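Below: the structure, in structure tokens.
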Amino acid sequence: MEHYLKKELYDLIKTDDSIFSFIQEGSLDGLWYWDLENPENEWMNEKFWTELGYNPNEMPHKSDAWQNIINKDDLNTALENFNKHCEDSNHPYDQVVRYKHKDGSTVYIRCRGLVIRNSLGTPIRMLGAHNNITKIMTTTTKLKEANKMLAEKNKELEQFAYIASHDLQEPVNTIQSFADLLLQDYGNNIEKEASIYLNYISVSAKRMKSLINSLLDYSKLGENKNLSNINCDELLKNVLIDLDKKIKNSKAIIKIGSLPKLKGYETELGLLFLNLIGNAIKFQKQNIKPQIFIDAKKENGWTFSITDNGIGIDETYKEKIFSMFQRLNNRSEYEGTGIGLAHCKKIASMHNGNIWVQSELGVGSTFYFNIKV
């Protein structure tokens, strides 16, 4: 049954020109009505032309008026869709075309139409509508270009990191090897002070090598992005096997809540757990057994939490710690490169998620990250 308001609106359009004007001007950027029996004749409303920068009073109601300013390739596409729509009304006449504005710029128009047929089914008229989508298309194009440039820059950076890391390995290995050889072969004949200096060189070279390897690992993250179904219980079981020695040496107590099955990047997600649990074990107060609780909630995707009773983090540094090479503690107390949490941030980002921390200095920390693949 036809709604009474719909029928009322039809009647108003028939009797009140202002209603029709409001509909065509308020909801569309151009309206046209084409006589297919006399195809040179086509009526276009004023807004059809003003959107393209032309004075409507100077533009004829002829089909060649718009055909002279439309992109020729797009005209061919439009005519092809027109013919298909005339043959089969289920084929939509709907495409984005480019018009040349009076000032020479390009205007992107979404052009839609509907063929009107006589009692024999022959097309006799066509009603069409224009929507100016130039701003949307311009923004989309800029985003595509920006994304392309970003992808190229990321690829360049990854290649640079890979090449630089490999090229740096050789001199660092050489420095370490010669320092170790001098200590090994001439240690008893070298003055004590010189022996200390050689030891510093060896230790520094080892640390440099560790940093290079960490950078190389960071550049490779996401290199082979293959989504897979992950059983987080099984994944965590394997991570804890890798951490077995550290767990036993520290006598850490690890409790695990209910973990989900989800889609993600298995290798990278395992590395994220490895880093966070490893840190929870490492950054511990003296003579205190690490107590770690791992849990997950169906919230903003899946949000995981890893809580410890460690040394905690000062509020000032809770954002800084996720940046590259950020160390808050003396290297002699806690070993590491300062890249682990940067790895974690990159992995969370790969899963369309974030990572953050809530902590109290001297009490402990809870690291959160969410997975929204």
Flag for N147 being modelled with pLDDT under 75, open to solvent by 50 Å² or more (accessible area, probe 1.4 Å) and polar (S, T, N, Q): no
Yes/no for V107 being in contact with a helix residue (DSSP H, G or I) (Cβ under 8 Å, 6 or more places away or on another chain) and either among the polar types (S, T, N, Q) or more than 17 Å from N38 (Cα to Cα) (or both): yes
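Working carefully through the options E170, E158, find the one that is modelled with pLDDT under 75, within 23 Å of L216 (Cβ to Cβ), in a helix (DSSP H, G or I) and open to solvent by 100 Å² or more (accessible area, probe 1.4 Å). Spell out the reasoning first.
Values: E158 fails: open to solvent by 100 Å² or more (accessible area, probe 1.4 Å).
The unique qualifying residue is E170.
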Some residue of the range 116-138 being within 41 Å of the chain's Cα centre (by Cα), assigned to a loop (DSSP other than H, G, I, E, B) and charged (D, E, K, R): no
Filtered residues of the range 200-250 (kept if outside any helix (DSSP H, G or I), modelled with pLDDT of 90 or more and open to solvent by 90 Å² or more (accessible area, probe 1.4 Å)): N229
Some residue of the range 17-28 being touching a residue at least 40 places away in the same chain (Cβ under 8 Å), part of a loop (DSSP other than H, G, I, E, B) and within 40 Å of the chain's Cα centre (by Cα): yes
Number of the condition not met by Q286 [criteria: (1) under 22 Å from V363 (Cα atoms); (2) at pLDDT 90 or above]: (2)
Answer from S323, S365 - the residue that is modelled with pLDDT of 90 or more and open to solvent by less than 70 Å² (accessible area, probe 1.4 Å): S365
Flag if W49 is surrounded by fewer than 15 Cβ atoms within 10 Å (Cβ to Cβ) and either among the β-branched types (V, I, T) or within 23 Å of I23 (Cβ to Cβ) (or both): no
K345 at pLDDT 90 or above and either open to solvent by 70 Å² or more (accessible area, probe 1.4 Å) or among the basic types (K, R) (or both): yes
Any hit, the range 78-90, residues being surrounded by 11 or more Cβ atoms within 10 Å (Cβ to Cβ), in contact with a Lys or Arg (Cβ under 6 Å, 6 or more places away or on another chain) and not in a strand (DSSP E or B): no
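Check whether at least one residue in the range 275-284 is open to solvent by 40 Å² or more (accessible area, probe 1.4 Å), assigned to a loop (DSSP other than H, G, I, E, B), in contact (Cβ under 8 Å) with a residue 40 or more places away in the chain and in contact with a strand residue (DSSP E or B) (Cβ under 9 Å, 6 or more places away or on another chain), and report yes or no.
Yes; the residues of the range 275-284 include at least one that is open to solvent by 40 Å² or more (accessible area, probe 1.4 Å), assigned to a loop (DSSP other than H, G, I, E, B), in contact (Cβ under 8 Å) with a residue 40 or more places away in the chain and in contact with a strand residue (DSSP E or B) (Cβ under 9 Å, 6 or more places away or on another chain).
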Residues of the range 44-61 classified as in contact with a strand residue (DSSP E or B) (Cβ under 6 Å, 6 or more places away or on another chain), in a loop (DSSP other than H, G, I, E, B) and at pLDDT 90 or above, total: 3
Per-region count, the range 110-136, residues closer than 21 Å to L31 by Cα and either open to solvent by 70 Å² or more (accessible area, probe 1.4 Å) or touching a Phe, Trp or Tyr at 6+ places or on another chain (Cβ under 7 Å) (or both): 14
Some residue of the range 293-310 being touching a Ser or Thr at 6+ places or on another chain (Cβ under 9 Å), open to solvent by 50 Å² or more (accessible area, probe 1.4 Å), closer than 22 Å to K246 by Cα and part of a loop (DSSP other than H, G, I, E, B): no
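The values are calculated or read from the model by the stated rules, or taken from the named source; none is laboratory data. Computed from a prediction, not measured in an experiment: that's the story for all the values here. Because the Cβ atoms are built from the backbone with ideal geometry, glycine has one as well, and the counts that use them run over all protein chains shown. The accessibility values were calculated without ligands, DNA or RNA, using every heavy atom of the protein model including side chains. Shrake-Rupley method; radii C 1.70, N 1.55, O 1.52, S 1.80 Å.
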